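Below you'll find the structure, written out as structure tokens, and then a few comments.
The values are calculated or read from the model by the stated rules, or taken from the named source; none is laboratory data. Only a predicted model underlies this, so the values are computations on that prediction, with no experimental measurement involved. For neighbour counting, all protein chains shown are included, and Cβ atoms are generated from backbone atoms with ideal geometry for every residue, glycine included.
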Amino acid sequence: MTKPLSTKARIVEQARRLFNEHGYGAITTAALAAECGIAEGNLWYHFKTKRSLLDAVGEGFAQAVEQRLAMRPEGDPVAAYGRMLERMMDEFRAFRFVYRDQQAYGEHAEHIRGNVPRWLEQTFDQIEIYLAALVDADLLDWPRERLRDLAVNATIVLRYGLDHYRELGEPVGAGSGTVRRTLLRHLTLFEHRLDPRAGAQLHDAIERIGTEALAA
């Protein structure tokens, strides 16, 4: 039997869900308390400010990022790249607002802001390793000395894709298609140099992941 979440954990989980669905800036502590079925004073007992609540959600985000960064390609390099994208899609979906609402939470997310430079550098490293595996298998025709540039550009598209769609005024909530479209867009950087079958496999992987997760 699954142990029920504590009130504090339930508040954090509901906050993450509401921030994703409606935007960080649109959710008040009163609305969050009502969603949790508790008095606002009870919420304040656990989290004195909205900023402290954001820090708690940020801890979960940090854990998800660190787990994804620990991944390395194993076995078939195309399937491995697909698994990495699947983990990234899960990360984007679970913490959509972190990637989308940077203007809203701004300087308040100290835990996130303090780690972003390291996370970005390690993401450059990770994607470069996965791309190198494709090169080693003769599935990607790309100069090795330019792999770092490709990894950086891919990271930029992936990291800021949701914010890009938000600035265009397009829907960016659950079911909008923006997570899937962001992953597909990053493929446009190098799919013309991929083995055609490998490119088709990666497209299929993204579509399958999106369908199975009912993601966007």
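Quick test for you: out of ARG159, ARG166, ARG148, ARG185, pick the one residue that is at pLDDT below 90, in a helix (DSSP H, G or I) and within 27 Å of GLY75 (Cα to Cα). None of the other options fit; the residue is ARG159.
Before we move on, is GLN63 over 16 Å from the mean Cα position of the chain (by Cα), more than 30 Å from ASP195 (Cβ to Cβ), part of a helix (DSSP H, G or I) and not aromatic (Phe, Trp, Tyr)? So GLN63 fails the test. Within the bounds of the stretch 108-124, is there any residue that is buried (at least 17 other Cβ atoms within 10 Å of the Cβ), under 18 Å from PHE19 (Cβ atoms) and among the aliphatic types (A, V, I, L, M)? Yes; the residues of the stretch 108-124 include at least one that is buried (at least 17 other Cβ atoms within 10 Å of the Cβ), under 18 Å from PHE19 (Cβ atoms) and among the aliphatic types (A, V, I, L, M). Looking at ARG185, ARG193, ARG144, just one residue is closer than 25 Å to ALA64 by Cα and out of contact with any Ser or Thr (no Cβ under 7 Å at 6 or more places or on another chain), and that residue is ARG185.
This table checks each residue for (1) surrounded by fewer than 14 Cβ atoms within 10 Å (Cβ to Cβ); (2) without any contact (Cβ under 8 Å) to a residue 40 or more places away in the chain; (3) farther than 28 Å from GLY114 by Cα; (4) among the acidic types (Asp, Glu).
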position: ILE11; (1), (2), (3), (4): no, no, no, no
position: ARG16; (1), (2), (3), (4): no, no, no, no
position: ALA26; (1), (2), (3), (4): yes, yes, no, no
position: CYS36; (1), (2), (3), (4): no, yes, yes, no
position: GLY60; (1), (2), (3), (4): no, no, no, no
position: ALA64; (1), (2), (3), (4): no, yes, no, no
position: LEU69; (1), (2), (3), (4): no, no, no, no
position: ARG72; (1), (2), (3), (4): yes, no, no, no
position: GLY75; (1), (2), (3), (4): yes, yes, yes, no
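In a residue-by-residue description of the stretch 45-56, the property of being exposed (fewer than 14 other Cβ atoms within 10 Å of the Cβ), under 15 Å from the mean Cα position of the chain (by Cα) and either among the acidic types (Asp, Glu) or outside any loop (DSSP other than H, G, I, E, B) (or both) applies to no position. Inspect the stretch 4-11 for any residue being in a helix (DSSP H, G or I) and modelled with pLDDT under 90 and give the result as yes or no. The answer is yes, given that some residue of the stretch 4-11 is in a helix (DSSP H, G or I) and modelled with pLDDT under 90.
Residue under question is TYR45, and the condition is that it be farther than 30 Å from LEU134 by Cβ and of a type in the set (Phe, Trp, Tyr); does it hold?
Answer is yes for this residue.
Annotation note: of TYR99, TYR81, the sole residue that is of a type in the set (Ser, Thr, Tyr), crowded, with 16+ Cβ neighbours inside 10 Å, in a helix (DSSP H, G or I) and modelled with pLDDT of 95 or more is TYR81.
Pairing residues of the stretch 180-191 that are within 15 Å of ASP163 (Cα to Cα) with residues that are among the charged types (D, E, K, R), at Cβ distances under 9 Å and at least 6 apart in sequence or on separate chains, gives ARG180/GLU207. State whether the residues of the stretch 169-182 include one that is touching a strand residue (DSSP E or B) at 6+ places or on another chain (Cβ under 7 Å) and outside any loop (DSSP other than H, G, I, E, B). There is no residue in the stretch 169-182 that is touching a strand residue (DSSP E or B) at 6+ places or on another chain (Cβ under 7 Å) and outside any loop (DSSP other than H, G, I, E, B).
Within this structure, ALA104 fails the test of being over 23 Å from GLU207 (Cβ atoms), modelled with pLDDT of 95 or more and not β-branched (Val, Ile, Thr). I'd like to know if the stretch 115-136 contains one or more residues that are in contact (Cβ under 8 Å) with a residue 40 or more places away in the chain, in a loop (DSSP other than H, G, I, E, B), more than 19 Å from LEU202 (Cα to Cα) and not charged (D, E, K, R). No: the stretch 115-136 contains no residue that is in contact (Cβ under 8 Å) with a residue 40 or more places away in the chain, in a loop (DSSP other than H, G, I, E, B), more than 19 Å from LEU202 (Cα to Cα) and not charged (D, E, K, R).
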